[in-house]
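**Student:** Structure below; questions to follow.
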Amino acid sequence: MRWLNALIMLLFVALMLYATVGLPDHADPQAPANTHVSPTYIEDSVKDTHTPNIVTAVLADYRGYDTLGETIVIFTAGLACVLILMKRKER
Amino acid sequence: MIKQHYQSIIVQTICSLLIPFIQLFALYVIIHGHYGPGGGFQGGVLLAVSIILQRLYLGNIIAHQKFSPKLALALGAIGMLIFGLSGIVPMIFGGAFLDYENLPLFWVHGAELRALGILIVEIGIGLAVFGTLVLIFDSLVGERW
């Protein structure tokens, strides 16, 4: 059984290594991830938001919905900590 | 629980001198998020660190009179409320969700209003992260309330 598991893992590693051949090079400007929305952000963010920092413009404006979700996750984690760990006053 | 304050004049002096500068730097990080690295998350963490340092050197009894856990909870909720309202208010004034160009601040327009909306959202994030981290510290220390 151990050898079967090892064989399955090796096959999986081989599959993953085979899949990496089709990936674009690192920091390739023609990669699909760099040609879809990134040029729009780089060219238009100052004109759209008057914010020189592209990261802030993407974080709070273009992807504001995502940031809202992140903040809700953090706040909910804090509330869960309080509800689980805070001791109530003994009466 | 950390009840007593730390029995060392050096630690107390250094901490009480350090805390205002940490808070000033936190405000700088939040406000300066438009132009450099920083923003609501990082500035909120710095604010929380200043309050946690105060709790460590003053002890919980005095520090909770200065800044209580309930105030931290309220500030976190207010921060979330600011973020949520800056999403919902533009919907009332005819835009999309989180579309800052439709915020009802009529003396700024267009891209300037978007920059202002980003600032409002960053302040909301900062308050939410600040309150949440102080709350997590208080609950891990095992505070009763």
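Please treat every number below as a calculation from the coordinates, not as lab data. Given the structure is predicted, the values throughout are model-derived calculations rather than measurements. Cβ: placed from backbone, ideal geometry, glycine included. Neighbour counts: every protein chain shown.
**Student:** If I model a spin label as a point 7 Å beyond the Cα along the Cα-Cβ vector, how far apart are those points for B:Leu18 and A:Leu15 in nm?
**Tutor:** In this crude label model, B:Leu18 to A:Leu15 measures out at 5.2 nm.
**Student:** Follow-up. Counting only pairs 8 or more residues apart or on different chains, how many lysine pairs in the protein assembly as shown have their Cα atoms under 27 Å apart?
**Tutor:** 8
**Student:** How far apart, in nm, are two points set 7 Å out from the Cα along the Cα-to-Cβ line at A:Arg2 and at B:Val108?
**Tutor:** 6.6
**Student:** Okay, moving on. Zone of B:Ile62 (label point 7 Å along Cα→Cβ, backbone N under 17 Å): which residues in the range B:5-30?
**Tutor:** Counting backbone N atoms under 17 Å from the label point, the list is B:5-20.
**Student:** Related question: Please sort by residue number the chymotrypsin sites (Phe, Trp or Tyr not before Pro) in the range B:1-75 whose DSSP state is loop and whose Cβ has at most 11 other Cβ atoms within 10 Å.
**Tutor:** The qualifying sites are B:Tyr35.
**Student:** Can you find, among B:Gly87, B:Leu75, B:His64, the residue sitting farthest towards the positive end of the charge dipole of the range B:9-141, where Lys and Arg contribute +1 and Asp and Glu -1 at Cβ?
**Tutor:** With unit charges placed on the Cβ atoms, the residue in question is B:His64.
**Student:** Still on this structure, I have one more. For chain A, list the DSSP H helices whose alpha carbon atoms reach 24 Å or more along the long axis and whose average Kyte-Doolittle value is -1.0 or above?
**Tutor:** Helix filter hits for chain A: A:2-20, A:64-85.
**Student:** In µm²/s, what is D for chain A at 25 °C and 0.890 mPa s, where D = kT/(6 pi eta Rh) by Stokes-Einstein and Rh is the Kirkwood radius from Cα pairs?
**Tutor:** Answer from the Stokes-Einstein relation: 133 µm²/s.
**Student:** Grab the alpha carbons of the protein assembly as shown, take their convex hull, and tell me the volume per residue in Å³.
**Tutor:** Measuring per residue, one finds 239 Å³ for the Cα hull of the protein assembly as shown.
**Student:** Given R₀ = 25 Å, what would the calculated FRET efficiency be for A:Val73 paired with B:Ile52, taking r from the Cβ atoms and rounding to 0.05?
**Tutor:** E(calc), rounded to 0.05, equals 0.75.
**Student:** OK, next. Helix-only mean residue ellipticity at 222 nm, the protein assembly as shown, DSSP H runs n ≥ 4 weighted -39,500 (n - 2.57), per residue, nearest 500. What is it?
**Tutor:** Value at 222 nm, helices only: -23500 deg cm²/dmol.
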